[in-house]
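The values are calculated or read from the model by the stated rules, or taken from the named source; none is laboratory data. The structure presented is a predicted model; accordingly, all values stated were derived computationally and were not measured. Cβ: placed from backbone, ideal geometry, glycine included. Neighbour counts: every protein chain shown. Calculation scope for accessible area: heavy atoms of the full protein, side chains included, ligands and nucleic acids excluded. Shrake-Rupley method; radii C 1.70, N 1.55, O 1.52, S 1.80 Å.
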Amino acid sequence: LLENQQHLFFINFNEAKIGFVQIYKYDDKKNDILIKYNNIFEYDIFIGDSEYLCRGIGTKIVNYVNNYIYDNYLCNCIVLRPFDRNKIAINCYEKCGFEKVDEYIGTDTLGNKEKIVVLLNKPNKWI
């Protein structure tokens, strides 16, 4: 992937499109932990129907996307940055081998201040 380029994938479950994943290169500031990595990737997951939440689908998606990134991109690690209030997602990510390495105050898409958690996954750290 080139800088400022994203790959977008739909999430299909039982032939229904229930959400999407977008993968891109991490290009934000690096803290002391991330500075040692040259090629960091990041992704966002969105499942749009609450019927599909808390059913283990997110865990399967995270593990699949991690494998996909490590298999298809020259990647040292993966970073995810969910809002701190998204406890269900954070628990899913930690279950899949991500570790909390930082947090900061950022903004959501509407400009509201939010606490953001930085989670790191290194190769061979997922299930």
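FRET efficiency for the pair GLU15 and ASN76, taken as 1/(1 + (r/R0)^6) with r the Cβ-Cβ distance and R0 = 41 Å, rounds to 0.70.
Computed 3J(HN,Hα) for segment 9-17, one whole-Hz value per residue from the Karplus formula 6.51 cos²θ - 1.76 cosθ + 1.60 where θ = phi - 60°, is 10, 7, 9, 10, 9, 6, 6, 10, 7, glycine and proline marked x. Note on Kirkwood radius over Cα pairs in Å: of the candidates [x] 16.6; [y] 16.1; [z] 15.2, the value calculated from this structure sits at [z]. The slack in the chain from ASN31 to ASN67, taken as 0.36 nm per residue of separation less the alpha-carbon distance, amounts to 10.5 nm. Would any residue of segment 66-94 have its amide N under 15 Å from a label point 7 Å out along Cα→Cβ of LYS115? List them or say none. Inside the label zone: 82-88, 90-91. The portion of the accessible surface of segment 1-112 made up by carbon and sulfur, rounded to a whole percent, is 49 (1.4 Å probe; DNA, RNA and ligands excluded).
Filter the cross-link list LYS17/LYS113; LYS29/LYS122; LYS29/LYS60; LYS17/LYS100; LYS17/LYS122; LYS60/LYS113 down to pairs whose alpha-carbon distance in this structure exceeds 27 Å.
Working: LYS17/LYS113 31 Å; LYS29/LYS122 18 Å; LYS29/LYS60 29 Å; LYS17/LYS100 30 Å; LYS17/LYS122 29 Å; LYS60/LYS113 31 Å.
As for pairs spanning more than 27 Å Cα to Cα, those are LYS17/LYS113; LYS29/LYS60; LYS17/LYS100; LYS17/LYS122; LYS60/LYS113.
So if R0 is 30 Å, what FRET efficiency would ASP84 and GLN5 give, r being the distance between their Cβ atoms, rounded to the nearest 0.05? Could you put the intermediate results ahead of the total?
Working: r = 28 Å, r/R0 = 0.94.
With R0 = 30 Å, the Cβ-Cβ based efficiency is 0.60.
Using a Gaussian network model of the chain in which every pair of alpha carbons under 10 angstrom is joined by a spring, one finds that among LEU110, LEU34, LEU74 the greatest mean-square fluctuation is at LEU110. Counting only protein heavy atoms and a 1.4 Å probe, the chain has 63 square angstrom of accessible area per residue.
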